[in-house]
1. Given the conditions (1) more than 22 Å from Tyr388 (Cβ to Cβ); (2) surrounded by fewer than 22 Cβ atoms within 10 Å (Cβ to Cβ); (3) within 16 Å of the ligand (Cβ to nearest atom), which single one is not true for Pro89?
2. Which of the residues spanning the range 109-128 are within 15 Å of the ligand (Cβ to nearest atom) and either assigned to a strand (DSSP E or B) or within 27 Å of Asp73 (Cα to Cα) (or both)?
3. On the given criteria, is Glu194 open to solvent by 10 Å² or more (accessible area, probe 1.4 Å), assigned by the TED database to the domain that holds Met254 and within 16 Å of the ligand (Cβ to nearest atom)?
4. In the range 238-254, is there at least one residue being under 25 Å from Phe131 (Cβ atoms), open to solvent by less than 50 Å² (accessible area, probe 1.4 Å) and either assigned to a loop (DSSP other than H, G, I, E, B) or aliphatic (A, V, I, L, M) (or both)?
5. Are there any pairs, at least 6 apart or on different chains, whose C-beta atoms fall under 8 Å, with the first in the range 287-300 and under 15 Å from Ala258 (Cα atoms) and the second among the small types (Gly, Ala, Ser), and if so, which?
Amino acid sequence: MRRTLISCCLSLTFFFSQAQNTATLDASGKGDQQINKHIYGHFAEHLGRNIYGGFYVGEDNTKIPHTNGVRNDVVEALKRLQIPNLRWPGGCFADTYHWKDGIGPKADRPTIVNAWWGGVTENNSFGTHDFLNMCELLGTEPYLAGNVGSGTVQEMMDWVQYVNFEGQSPMSKLRRENGRSEPWKVKYWGVGNEPWGCGGNMTAEYYADLYKQYATYLGKGYLDQGIVRIASGPSSDDYAWTEVLMKKIPLHLMEGLALHHYAVINWDDKGPSTTFTEQQYFTTMQRALKMDELIQKHSAIMDKYDPEKKVGLVVDEWGGWYEVEPGTNPGFLYQQNTMRDAMIAGATLNIFNNHSDRVRMANLAQTINVLQAVILTDEEKMLLTPTYHVMEMYKVHQDAQYLPIQLQSNSYEVGGEELPAVSASASKAKNGVTHVSLVNIHADKAQEVAIQIEGSRYKTAKGRILSSKKLQDYNTFDNPEKIKPQPFKGAKLKGDKLNVTLPPFSVVVLELT
Ligand code: AHR
């Protein structure tokens, strides 16, 4: 009898320790780490229908409401997202782009071929003024990527002078002649893009030397404007690239180091964006969650050369990458966006929040109609994707105080491999409200999370959830609100204990007051 009781207790203990995830939230707010709002940045490349048809429909468009050619529906949606920064004009396009082609009267602007993306004609009707004025309309900070691959130091210096110089100079004169008297004071400058690939197939050593040359002249006269020079960093786990750049580039020449990492199953067989299997979903999540290890290992290298963490890690391209939608131009990278993308977004943003001591900026690739977009358009129609809704729910973390949360998660197992089912991050907003974001990536099991709260007492816990019936669900132009945040009823607060039930593949953001 006694033996039966003991074994019964043991199996119950086993059952519950498997079934319940546990976490400890340090809500004391003792630390001074902030989650930089720029982690929630976006990316607008001249690629497919991102700029043309996405952001910009032209000043003469009579079908789609716009302001100086920029879609009003897009502006309104992105303002709601509070996008902190927007990277432009690439990507690979940046190293083929000569900014002087995109200024002055539109009729006089030369046309070029967009060699990287579909070989289409680029008429340069959307250029520097169009982009920077659009950023003002959006209330967002521009992040310009300069041309290193096929440009010159002089060309990039001229660009900085054109957009940032207040006094009299050849470039500020040209800017005024083109209708803009006040400089835009652009803070964020990327020095090339992927120089190890489409940006020139360079070695790290060669790029580091080139970078120093560019950074010297970009900084000249602009450092007191708080200019941020961002070196093109590694692809995923190319730790050698980080090592060389950190070793060769003096800290006073670099404020940011970029990192690009996509959640792609296999570059030769990326799988469909909507009709994926559970195995494909699991592999995508393995790739997405790898971001945590990448940040840890790149940060460790950066710590060696920059122990005071002066240089920010800037993950200026991230997101899911699948085969393009059947029947669309393969060079346009147009893909649908399902609950799988919501899982990537929620889990990745938790990783960024939890590494906000080093990760100061990030850019989801890309904003409209390209890769893991937040918005899709079809002529006058527009829809918000599940990824949009995650970014909107998570905006509460922007510039909030980081709160550490230690989590022991159950596993999500497929094909003998395991991933943590649950991820979490937390912060305290300036108005004193604490937010906890939780993601359950498990495809078919709900997760109970028991959170022990230390250092603060709350009276209420409420929130919103993003979930759907099937992982493969997505919003369509006929049913644009199939997936959208709903009030969340699965949180119970009792004293210092918060119990949360997360349905399979769901994202929850809780508000504790
Ligand atoms: O985001 C699409 C492309 O992916 C970018 O142009 C390039 O930088 C990366 O390889």
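The values are calculated or read from the model by the stated rules, or taken from the named source; none is laboratory data. All values reported here derive from a predicted model rather than from experimental measurement. Neighbour counts are summed over all protein chains in view; Cβ atoms, including those assigned to glycine, are modelled from backbone coordinates with ideal geometry. Note: accessible area is taken over every heavy atom of the protein model, side chains too, but ligands, DNA and RNA are not part of it. Shrake-Rupley method; radii C 1.70, N 1.55, O 1.52, S 1.80 Å.
1. (2)
2. Asn114, Trp117, Gly118, Val120, Glu122
3. So Glu194 passes the test.
4. Step one: filter the range 238-254 for residues under 25 Å from Phe131 (Cβ atoms), giving 254.
Next cut, open to solvent by less than 50 Å² (accessible area, probe 1.4 Å) only: 254.
Retained after the next criterion (residues that are either assigned to a loop (DSSP other than H, G, I, E, B) or aliphatic (A, V, I, L, M) (or both)): 254.
Yes.
5. Within 8 Å, the pairs are Leu294/Ser236; His298/Gly233.
Conditions tested, residue by residue: (1) within 30 Å of Arg457 (Cβ to Cβ); (2) of a type outside the set (A, V, I, L, M, F, W, C); (3) at pLDDT 95 or above.
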residue	(1), (2), (3)
Thr24	yes, yes, yes
Gly29	yes, yes, no
Glu45	no, yes, yes
Val75	no, no, yes
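Quick grid of which residues meet (1) closer than 23 Å to Asn193 by Cβ; (2) more than 16 Å from the ligand (Cβ to nearest atom); (3) more than 21 Å from the chain's Cα centre (by Cα):
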position	(1), (2), (3)
Gln33	no, yes, no
Tyr40	yes, yes, no
His46	yes, no, no
Gly54	yes, no, no
Val57	no, yes, yes
Lys63	no, yes, yes
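Residue-by-condition table, conditions (1) open to solvent by 30 Å² or more (accessible area, probe 1.4 Å); (2) within 14 Å of the ligand (Cβ to nearest atom):
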{"site": "Thr96", "(1), (2)": "yes, yes"}
{"site": "Asp101", "(1), (2)": "yes, no"}
{"site": "Ala107", "(1), (2)": "yes, no"}
{"site": "Asp130", "(1), (2)": "no, no"}
